[in-house]
Amino acid sequence: MLRQRDGHLSRDLVRTPGGFGLGQVPARHKPDATADLVCGYCSTGCRLTVHLKDGAPVNLTPTPGYPVNRGTACPKGWEALTVLDAPDRATTPLLRDGAGNQRPVSWDAALGTMVERFKAIQARHGAGSLAFLSTGQMPTEEMALLGALAKFGMGMLHGDGNTRQCMATSVVAYKQAFGFDAPPYTYRDFEESDVVVFVGANPCIAHPILWERVLRNPHDPAVVVVDPRFTETAMQAAQHLPLRPKSDQSLLYGVARILIERGWVDAAYVEAHTRGYEAYAAFVQQFTLDRVAADTGLEPGEIERLAATIHAGERVSFWWTMGVNQSYQGVRTAQAVIDLALLTGNMGRPGTGANSITGQCNAMGSRLFSNTTNLLGGHDFGDAGDRSKVAGVLGIDPEVIPHEPSWAYHEIVKGILEERIKGLWVIATNTAHSWINQSQVRDVLGRLDFLVVQDMYASTETARMADLVLPAAAWGEKDGTFINSERRIGTIRKVAAAPGEALADFAIFKLVAEYWGCGEQFRAWESPEATFQIIKRLSAGQPCDITGIADYAMLDERGGIQWPCPAGGPPPAPGSERRLFEDGHFHHPDGRARFLFEDPRALPEAPGERYPFLLLTGRGTAAQWHTQTRTAKSAVLRKLYPDRVYVEINPSDARALGIRPHARVEVRSRRGRIRATAFVTRSVQPGHLFVPMHYAVTNRLTDAVFDPYSKQPSYKACAVDVGPV
Amino acid sequence: MANATVPATLVDHYLRLQRRPTVGVGGGARAASADTASARMDGGRLARTYDAGGGGAVPAAAASEGAASGGSGATAVDRFARAHDDASAAGRRALTGRYSALMPATSPGEGQQYAFEVDLDACSGCKSCVAACHAMNGLEDEESWRDVGLLHGGGDAEPVLQHVTTACHHCLDPACMHACPVDAYEKDPATGIVKHLDDQCFGCQYCTLACPYDAPKYSAAKGIVRKCDMCSDRLAEGEAPACVQSCPGEAIRIRVVDADQVVEESETNLFVPGAPEPGITLPTTTYRTARALPRNMIPADYYSVNPTAPHWPLIVMLALTQLSVGAFLVEQVLGLVAPSALMAAIRPLHSASALVFGLLALAVSVLHLGRPQYAYRAVIGLRHSWLSREIVAFGLFAGLAVTYAAWPWAGAHLLSAGGAAPPWLGWTVAGFGVAGIGCSVMVYQFTQKDFWNGWSTGCKFLLTAAVLGLAAAWLSLMVTAAWTESAASAAALERYGPVLCRSLIAAAAFKLVFEAALFRHLAARSTTSLKRTALLMSGALSQTTVARFAAGVVGGIAMPALVLLSGTPAGQDVMLAPFVAMLFVACLAGELLERYLFFAAVASPKMPGGV
């Protein structure tokens, strides 16, 4: 009555040993089984242990002992199951009726309509008038099936993925420099460097579990951060170079000039393993200290200090991500990073490398197996030998394989505008939110004859525009494999039931094949695991050869396996970590890496009189992912980021414009205007603004400018103005 | 629309595969053999089979149906089972091995306790600790016992961003525990962990107001507060708390701290920038940094001002108890000067209506409790909780007031003795009422919020009692005069009506000026908590503020002044009864709005928040 120490409320919080090596767990959620799967957010590729009770997931914890994350995860991973239960999950196909409303229909009706409409479009406008836009979020098996189905079964010529928005630059940079899209590192390199240089990367927020690896480095490494913003990572750095946006190329060439001038070059390495050094050395001569200081706005002493730090390091690793990739000159900037690693011989040894940290969980799978820019397995559409090899593996007529790669994402968008593409199939991406210059792309999507959106939520900005919505099972509701940033292949599996009639993307593709009438062609693609065997065969003889991986079970036992893993070689030890190019042999026919360089170009839209500020965009918090279609569905994650869009502005700018802290302001560009809350902070330099990319309005401001080689959008530099509302 | 070339069953086939679990139940060989059962497809739902000794749980249907998309077959299940056995031992080693450095080597001794230690330099702001606390403790949808805020400052050349993770600080002198009226908090004598007894809690939420660090979190669904217990079950087994385990940067540790040192550090205000003054509760968490944080570090939410959720039952309870006490008090004062015949005429109606308001207030206050069925537990905390004392004082007030108010009625109808209650009883009722108001004041004073400081709150509460008590007495007088139509009443009304009216104007005017004086803080350069309150009242809550002052001016000044100035002929005053009733309602509305602002506009000291 008066004193009650126990009861149902106390019992609600009781913890009990969970078994399965989990330590204590909430007693209510004591599992009777567990299943491990790789996280479905970013490319770090953490493994999560899902706690199952009566066949349903009740909780998850990061997997201890997995060589990637070793028992930790970021908030997105911790909340990965929560977002599966959202009320706006797509549970049935939705077809737009005559009145313009999306109405539930059966799968039979949905697929019948899709095929009928798509075939009618092709009959009228040609086979190439259909295209697809896909994702870096699906397992490799689904990507490969989609790519093969669309191009070899349905006759499409063009398909691209949202990986264009994140990794395209690294792909091209590596391909040109190394002869193959081969990120050379393993995460252990974070722990083995004595100098760690981050260019345009904020791992503290964007890849917290990789930052953890830096913190575990026992060598007290000198951390250098090249970033216009004073980010969390910059705070932790021994040296931060807050350069002018997009002046990285100039800085890197200037550092190279100093290294060469002072004889701080690994001449033996350059001589033995590279090509193009002389031209490069001559080229960088123009990047004198004065010029670079003027270009970057940095103190000359800071530039010399960076060169000296790199020289002093025994094991220097260079890491870049979206600050480099999402640029109108991203490829050459990434290659300027690669050049420095080659120049100083920081390649192929522990703690070295020119390393691109990838974005999405399976961006790497998309790079090799999406059949868009590359023919399946990192092959070349233009190479007859590659075409016949792939046709042989798949048992198809080589003639159905197009001779050219797909158009890039922006070319597909342009194709719609030019009425060359009339039907579009969007899978697991949210173009109407994430594509650059959003108002324009929404207008363009509205011009399609038939838009099919396949997604786990019926509520995305793009799904709401669709003529047909196909409900997809999500991560955790299907099987497959992801390839992470360090080339590690890991499995995902079904631990939860998909809601309603939602189907795995794999099953949807199989059904589309049947309804299209080309089902026979994909009989061998029986299941994700059967498809994995096809993928293995496609990789044979490639740098990404994985023929030595027996099956999913082997992947699980070994804690994931990094490519390459060719048949016949010794199987990798469980939990092992491997880097590439330890023998100095690259994938170009001559075995040498290339020095690649080019004159930096001016900002496409420099701040001027009407738009005096430079807008930077990027990740807001570790709890937010891209367009927030998933992360906004977790109440815990929502607590961890501001619910309304905000703009970071330097106090001196705010004062000059009469903007009070936390006041509402308007940010205007030539393309649109948004309202946001002013966060007055010194984390941005005077003259710069920063708006997180996750809010639906952000891309109304951005300018559709692209890298000429990678076709990646330049999200991080456009001219804007700001003022009080 | 159906496609003739596609078997109609194909879609069904894939839907069936999708619905079939690929992951079996049963934790490896041992659990599986214990769980041997049989499986079959049963109306689309799968009953599972566990193959005894087969090394794992194999849904038979899965095995028979063959592998296809959305799920692979039995091999997957085998795989999981094998992994489980290995994981039990290896995982456990990984868990304890990794975190041993983050745990204290010894248990706390005399004068010591467990405490969190945060290495600010190692915190990069990923906030995994918040999500892990939620998941590993099985909390409600939004619930987590940890929060992460952001401090920023420094100069343009060297700006500083510093994330600050915070949970319960397991204070030496926990305000939550002292505040709790039902003793639902205990400070463990051995570990120093401040534990909340969930089944003892009756959901008054007072601890959420008393804790300067926002540590106890109220769950409306459960009707109780819950809070961090430093994962004491885990600690007891040598396992690290959820937040400690989950931090990728190993920024959170458990340490044994000396009480003396906590006191010393609190006295010198060595806590963390932007945090409430540690001297209040002596928080034991240590925030360490090897760097010198610049002096201009401010929380990211320093300039954001947001209204607090109001507590409607408390708003009504406070205003109506004060009305009731004020009415009794005015009656007693009037009794000192007015003829007893007059008082006898007024009393039945006046004290009855005062009582009704008082009882209504107490009834409404119970609605504030998450678990009102345990309201009686409130007496437990009498020795330390102002809330207990408030409840007891008002309980006695109500009990005596019932006796007092019933006296004339009971006398008239039951005892046929008639006559007034003894004056000492009236004064005792009023005395307990005033004591209750005093406890109310202390309830808020205890929370150490500037807007709720004792002096200001005392003035407000007593002036509410005065305004509403005077208005109520005037209305009673008028209604009695109109009701009885006696000459004595009319004379009394003529004599005392203007006095009550003038007193009402004076009290109301003084109170409004007192409240308006808050806006002087708008001129402050630094964003003090009182400036935040003033900003809220003039910004987000401005409509309520305007309504409050309008009601106060109309009901407490303008309408009474009209009565005074109207020059109503003697004997005609009773005609004004409806008008006075209206001004009473206006006064009451004004006070309710004032009390709404009292809750909604309070700025609480708190740990640094996010953008």
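The values are calculated or read from the model by the stated rules, or taken from the named source; none is laboratory data. All figures in this text were calculated on a predicted structure; none of them were measured in a lab. No Cβ is skipped: glycine too gets one built from the backbone with ideal geometry, and neighbour counts run over all protein chains shown.
If you filter the stretch B:126-175 down to residues that are of a type in the set (D, E, K, R) and at the interface with chain A (Cβ under 7 Å from one of its Cβ atoms), you find that the one that is nearest to B:Ala259 (Cα to Cα) is B:Lys127.
The residues of the stretch A:698-725 that are β-branched (Val, Ile, Thr) and under 29 Å from A:Arg367 (Cα atoms), listed by number, are A:Thr698, A:Thr702, A:Val705. When only residues in the stretch A:567-592 that are farther than 19 Å from A:Gly348 by Cα and within 27 Å of the chain's Cα centre (by Cα) count, which is modelled with the lowest pLDDT? Looking at the filtered set, the residue picked out is A:Gly575. Criterion applied to A:Thr92, A:Thr113 was being surrounded by fewer than 23 Cβ atoms within 10 Å (Cβ to Cβ) and part of a helix (DSSP H, G or I), and the one residue passing it is A:Thr113.
Take A:Arg487 and tell me if it is among the charged types (D, E, K, R), in contact (Cβ under 8 Å) with a residue 12 or more places away in the chain and either buried (at least 21 other Cβ atoms within 10 Å of the Cβ) or under 22 Å from A:Gly365 (Cβ atoms) (or both). So A:Arg487 passes the test. Taken across the stretch B:363-374, residues that are at pLDDT 95 or above, touching a helix residue (DSSP H, G or I) at 6+ places or on another chain (Cβ under 9 Å), over 30 Å from A:Leu2 (Cβ atoms) and not assigned by TED's automatic domain parsing to the domain that holds B:Val164 do not occur at all. Taking helices (runs of 4 or more DSSP H) as the structural unit, no element lying wholly within the stretch A:173-251 holds at least 2 residues that are over 20 Å from the mean Cα position of the chain (by Cα) and among the β-branched types (Val, Ile, Thr). On the given criteria, is A:Lys494 closer than 16 Å to A:Ile427 by Cβ and not β-branched (Val, Ile, Thr)? When the stated conditions are applied, A:Lys494 does not pass them. Among the conditions (1) under 18 Å from A:Leu22 (Cα atoms); (2) in contact (Cβ under 8 Å) with a residue 12 or more places away in the chain; (3) surrounded by fewer than 24 Cβ atoms within 10 Å (Cβ to Cβ); (4) not charged (D, E, K, R), the only one that B:Ser246 does not satisfy is (3).
Here A:Arg3 meets each of (1) among the charged types (D, E, K, R); (2) facing another protein chain (nearest Cβ under 7 Å); (3) part of a helix (DSSP H, G or I) with one exception, condition (3).
When A:Thr481 is tested against the conditions (1) closer than 30 Å to A:Pro184 by Cα; (2) part of a loop (DSSP other than H, G, I, E, B), the lone failure is (2).
Answer yes or no: is there a residue in the stretch A:628-651 that is without any contact (Cβ under 8 Å) to a residue 40 or more places away in the chain, assigned to a loop (DSSP other than H, G, I, E, B) and at positive phi. No, every residue in the stretch A:628-651 fails to be without any contact (Cβ under 8 Å) to a residue 40 or more places away in the chain, assigned to a loop (DSSP other than H, G, I, E, B) and at positive phi. For the stretch B:176-191, filtered to residues that are in contact (Cβ under 8 Å) with a residue 24 or more places away in the chain and surrounded by fewer than 23 Cβ atoms within 10 Å (Cβ to Cβ), the residue that is farthest from the chain's Cα centre (by Cα) is B:Ala190. The criterion of at least 1 residues that are closer than 27 Å to A:Val83 by Cα is met, among helices (runs of 4 or more DSSP H) falling completely within the stretch A:371-468, by A:431-434, A:438-445. Screening the candidates B:Val330, B:Val379 for the property of being more than 14 Å from every other protein chain (Cβ to nearest Cβ) and of a type in the set (A, V, I, L, M) yields one hit, B:Val330. Consider the stretch A:14-30 and keep the residues that are in contact with a Ser or Thr (Cβ under 7 Å, 6 or more places away or on another chain) and either assigned to a loop (DSSP other than H, G, I, E, B) or over 17 Å from B:Ser144 (Cα atoms) (or both). The one that is nearest to the other protein chains (Cβ to nearest Cβ) is A:Gly21. Only residues that are surrounded by fewer than 24 Cβ atoms within 10 Å (Cβ to Cβ), out of contact with any strand residue (DSSP E or B) (no Cβ under 6 Å at 6 or more places or on another chain) and of a type outside the set (Asp, Glu): list them for the stretch A:215-228, please. Passing the criteria: A:Leu215, A:Arg216, A:Asn217, A:Pro218, A:His219.
Summed over the stretch A:68-82, residues that are part of a helix (DSSP H, G or I) and buried (at least 24 other Cβ atoms within 10 Å of the Cβ) total 4.
Every listed requirement among (1) more than 20 Å from the chain's Cα centre (by Cα); (2) surrounded by fewer than 22 Cβ atoms within 10 Å (Cβ to Cβ) is met by B:Val316 save one, (1).
Among the candidates A:Pro543, A:Pro589, single out the residue that is buried (at least 16 other Cβ atoms within 10 Å of the Cβ) and more than 11 Å from chain B (Cβ to nearest Cβ). None of the others qualify; the one that does is A:Pro543.
So that you can scan it fast, the table gives a plain yes or no per residue for (1) of a type in the set (D, E, K, R); (2) in contact with a Gly (Cβ under 8 Å, 6 or more places away or on another chain); (3) within 23 Å of A:Pro642 (Cβ to Cβ); (4) without any contact (Cβ under 8 Å) to a residue 40 or more places away in the chain:
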residue	(1), (2), (3), (4)
B:Met136	no, no, no, no
B:Leu139	no, no, yes, no
B:Asp156	yes, no, no, yes
B:Leu197	no, no, no, yes
B:Cys207	no, no, no, yes
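Of all the residues in the stretch A:247-259, those that are farther than 14 Å from A:Ala308 by Cβ and either touching a residue at least 60 places away in the same chain (Cβ under 8 Å) or touching a Phe, Trp or Tyr at 6+ places or on another chain (Cβ under 8 Å) (or both) number 6. I need the full set of residues from the stretch A:480-528 which are more than 28 Å from the chain's Cα centre (by Cα) and more than 12 Å from chain B (Cβ to nearest Cβ), in order please. Scanning the stretch A:480-528 gives A:Gln521, A:Ala524.
Restricted to the stretch B:199-228, and to residues there that are within 8 Å of chain A (Cβ to nearest Cβ) and buried (at least 24 other Cβ atoms within 10 Å of the Cβ), the residue that is nearest to the chain's Cα centre (by Cα) is B:Ile224.
The residue of the stretch A:641-667 that is surrounded by the fewest Cβ atoms within 10 Å (Cβ to Cβ), among those that are more than 28 Å from the chain's Cα centre (by Cα) and within 15 Å of A:Val720 (Cα to Cα), is A:Glu666. Of all residues in the stretch A:261-286, those being outside any loop (DSSP other than H, G, I, E, B) and of a type in the set (Lys, Arg) number 1.
Tell me, yes or no, whether the stretch A:503-521 has at least one residue that is polar (S, T, N, Q) and more than 30 Å from A:Phe118 (Cα to Cα). No: the stretch A:503-521 contains no residue that is polar (S, T, N, Q) and more than 30 Å from A:Phe118 (Cα to Cα). In the set (1) closer than 19 Å to B:Asp147 by Cα; (2) modelled with pLDDT of 95 or more; (3) part of a loop (DSSP other than H, G, I, E, B), the condition left unmet by B:Tyr287 is number (3).
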